[in-house]
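Single-structure report; data block below.
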Amino acid sequence: PFGSLPTACPSCCLPFPMASIAALLVGCAWLSSSPLSMRRCGRIATATCRIATPVMAKGRGSKASKRKPSGGSGGGGGGFGKKPEPAAAVAAAALEADAEAVLRQARGNLDAAQAAMFQDSVLRLQQAEPELFARMQDSQGPSAAPDVHEKLVELTWDTIAAFMPLGGPPPAEVRRRLRLVASAACGGAAGGAGGGGGAGGTVAVLDVGCGDGAALPYLCEAGADAARYAGLDLSSRMLRAARASHPGVRFEQGSFLTAAAAAPPAQYDAVLFNGALQFFGDQRAALRRAAALLGGRGRLVLAHANGAAFVRDEAARNPQTVLSTMPSLEEAEEIGSELGMRLLTPHQLGVPGAAPGGEADAAALDGFYLLALEKAGPEGGEGSGGDAATGRS
C-alpha cells in the first residue's frame, strides 16, 4: 500500500535500476547488483547497497489476505489499489511510533517512508548480525541459505506491516474468496463443521504465513476452533497486529521448517498455505512436512487469492524472495499421489466458474488458486466425492 514506486535510494539518492514492475501488487522487486546499486550508500556506511530497498506495492500483504490484495493493475497505494491517504489522514492512522516518525520525516510520502524504514532495518541487521548481513549481501534468491532468505522475507513483511493501518478493509471479492479458502480448510475434517460451524467449531488449523491473522474469522465461521488454531509467520510486526486483533489466540514467529507449532506431536485437521507456498524453494518437502501434521481425514489447502498467473509474474519479478510458482493441476496431483492423498479441484471446492475437467480447472486456478489435498478417511474411504485416486469428478 505504498503508492507509486520509489525511484531512488532514500539514503544516497542514487537512482534505482527499475524493472517493469508497475503491475506488481504482491511481492517485492529486489534490485539487481548493477554498478548503481552497488555504490556506497551514506546510510550503510561500511557496506555497499547490494541489499536494495524492496518495491512494495502490496495491498496489505501478499497472502490473500495477510491482507491479501484483490488483483488488478498496479500503481495504486493505500491498500487494495487505493490511492495513498493524504498526509493529514495519515497522521491519524494507528501507526507504531517508529513508523509514524519515518512517515512524518517523509512528509507523508509513503514510498519514501517504506524505503527509509527498510533501509533502517538493514542497518540494524548489519549492526546486530554482521555475519548474516554479509551473507545476505553475497547470496540472495534460490542460492541463498534458508536463514538468509527468511530474513529477507521477514524484513520485507515487517516494512509492509508497519504501514498496514493506512490500508482499507479487503473488498467483497477478496472476502468471498477467503470464505472459500476457509471452507476448503474446514470442510473435510472429521468432526468439523464443513462449511458453517460458527461458534463452537472443532477444526484445528495451522495457518502458515498467517500475517495479521485476517483469515482467522473466516476459518472460525467455517468451523475452525480458535483454541485449536495456530498462526505462523516470520514477521514480528505482522504478529503484533495479529495478537492485537485476536487476543488469546496462538501466534508464533518462526520458520515453518523449524517452529514448534509445525513439528510433531502437533496435529491438525488442516494445514493452510494461503499466499505462502511460493516462498518455499522446495514445495514438495514443505508439503511432506505439513502432511505429517495431519490427523484423520486432514487436508492441505493451497491458496492464492490473485491466482497462479499472478504468482508466475511475482516470481519472475522477485526471484530473491519468491522462490516458486504455484503447482499446476498435474503437479499437485503428482504430489498428492506421493503423499497418499487425493486432489480436490476448484470445481469440487465450489469456486464459481470452475467446471469439471483438467482444462477448465486449470483455467480457474490462473485467476484464483485454490486446491486441497485430502487424506483418506479412517476406513480408507474416498472423502468428499469424485474419483478415489485423483479426486476428479
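The values are calculated or read from the model by the stated rules, or taken from the named source; none is laboratory data. All values derive from a computational prediction rather than experimental measurement. All Cβ positions, even for glycine, are placed from backbone atoms using ideal geometry, and neighbour counts span all protein chains on display. To get the accessible areas, we keep the full protein, side chains included, count just its heavy atoms, and leave off ligands, DNA and RNA. Shrake-Rupley method; radii C 1.70, N 1.55, O 1.52, S 1.80 Å.
If you go through the range 116-155, how many residues are open to solvent by 20 Å² or more (accessible area, probe 1.4 Å), modelled with pLDDT of 90 or more and in contact with a Phe, Trp or Tyr (Cβ under 8 Å, 6 or more places away or on another chain)?
1
Could you please find all residues in the range 329-349 being assigned to a loop (DSSP other than H, G, I, E, B), open to solvent by 40 Å² or more (accessible area, probe 1.4 Å) and either over 23 Å from Val174 (Cβ atoms) or touching a Leu at 6+ places or on another chain (Cβ under 6 Å) (or both)?
Gly340, the sole residue that qualifies.
Six or more apart or on different chains, Cβ atoms under 8 Å: show the pairs whose first residue is in the range 113-127 and closer than 17 Å to His149 by Cα and whose second is charged (D, E, K, R) and part of a helix (DSSP H, G or I).
Within 8 Å, the pairs are Ser121/Asp158; Leu125/Lys151.
Do we find that Gly197 is modelled with pLDDT under 95, in a loop (DSSP other than H, G, I, E, B) and surrounded by 24 or more Cβ atoms within 10 Å (Cβ to Cβ) in this structure?
Answer is no for this residue.
Just wondering, is there one or more residues in the range 201-208 that are at pLDDT below 95 and either over 16 Å from the mean Cα position of the chain (by Cα) or open to solvent by 10 Å² or more (accessible area, probe 1.4 Å) (or both)?
The answer is yes; a qualifying residue exists.
Residues that are crowded, with 24+ Cβ neighbours inside 10 Å: list the strands (runs of 3 or more DSSP E) wholly contained in the range 211-309 that include at least 2 such residues.
224-233, 268-274, 294-304
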